[in-house]
Amino acid sequence: MIYHVILPASGLGKRFRSRLPKQFHKIDNREIIAFSLIKFNSIREVGTIVIPTFRKYFSRIEKILKEVKIRKNVILVEGGVSRKDSVYNGLNRLNAENNDFVFVHDAVRPFITVNKINEMMKYSKRYNSVILALPVRDTLKMITRSGVIDGTIDRRNLWMAQTPQLFRYRILKDSFEKAKRENFFATDESQIVEHAGYKVKVIEGEVKNIKITTKEDLIFGNNLMVT
């Protein structure tokens, strides 16, 4: 089977409080986006990598691709207003067969491991859609607008979604088309696939597979490099 990758990198990073998008900040003297590129570049079954981003950053990404010696076919595409739009733009540029698979991975999750990516590919031999997630370990509280506890949520069946998320191309494309027709809002790709009526397999992710959202996350990420 052939696996493709969409690496959305169009986030403005408002919570990061920086003019430069967080995917271009550095951990251990290397741009955050480069870590994921290196991981997927090392996997033989991966075909094309599509990176939706702002056009003004195309040359910056091309420089990164040369610096870290990415050998895969990489397509840069204009990102959209939302994550959903960016991934949809990426899907439309993929020259994929219906039975191919597509990884969608946050450009700001640099610590995904090759072993976990390979595990997802093994599961894809049995399931059409596979995502990573972690079980919720903390007690969850429902609160009112005034900040008063309104109840405690049973956490036993609650999991926190991560990326990569992996889908058969036909299913992902059909699901995005349906979401576009219905103007359906989602915070990740699996929600779009669920909305279209497909089942999604969840496997346990990795605690270190953090998303760099704030400058504090960047500090934590640099600390992870030395542990």
Considering the options Ile32, Asn157, Leu7, tell which one lies farthest towards the positive end of the dipole of region 3-224, charges being +1 on Lys and Arg and -1 on Asp and Glu at the Cβ, about the Cα centre.
Ile32
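I need the fraction of alpha carbon pairs in region 126-179 separated by more than 15 Å, rounded to a whole percent. Please list the in-between numbers first.
Working: 943 of 1431 pairs.
Tail fraction, whole percent: 66.
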Normalised alpha carbon radius of gyration of region 3-224 [divisor 2.2 N^0.38 Å]:
1.02
For region 34-63 and region 100-131, what is the separation of their Cα centres, given in Å?
16
Amide H contacts under 5 Å for Ile6, placed H, 5+ residues apart:
Val50, Phe103, Val104, His105
Where in the chain lies the longest segment free of trypsin sites (Lys or Arg not before Pro) that are both loop residues by DSSP (not H, G, I, E, B) and have at most 10 other Cβ atoms within 10 Å?
72-124
For Asn118 and Arg156, compute 0.36 nm times the residue count separating them, minus their Cα-Cα distance, and round to one decimal in nm.
10.9 nm
Work out, step by step, the length gained on full extension between Met225 and Lys141: first 0.36 nm times the residue separation, then minus their alpha carbon distance; give nm to one decimal.
26.9 nm
Using a basic spin-label model with each label point 7 Å from the Cα along Cα→Cβ, how many nm lie between Ser42 and Lys208?
1.1
Using Cα pairs closer than 8 Å and at least 6 residues apart in sequence, work out the relative contact order for the chain, in percent.
24
Stretched fully, the stretch from Arg170 through Asn73 gains (0.36 nm per residue minus C-alpha distance, one decimal, in nm) 32.8 nm
First obtain the Kirkwood hydrodynamic radius of region 28-141 from its Cα pairs, then insert it into the Stokes-Einstein equation at 20 °C and 1.002 mPa s, and state the resulting D in µm² per second as a whole number.
137
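Values in this text are rule-based calculations from the coordinates and carry no lab data. In this text the structure is predicted, and so the values were computed from the model without any measurement. Positions of Cβ are backbone-derived with ideal geometry, glycine not excepted, and every protein chain shown enters the neighbour counts.
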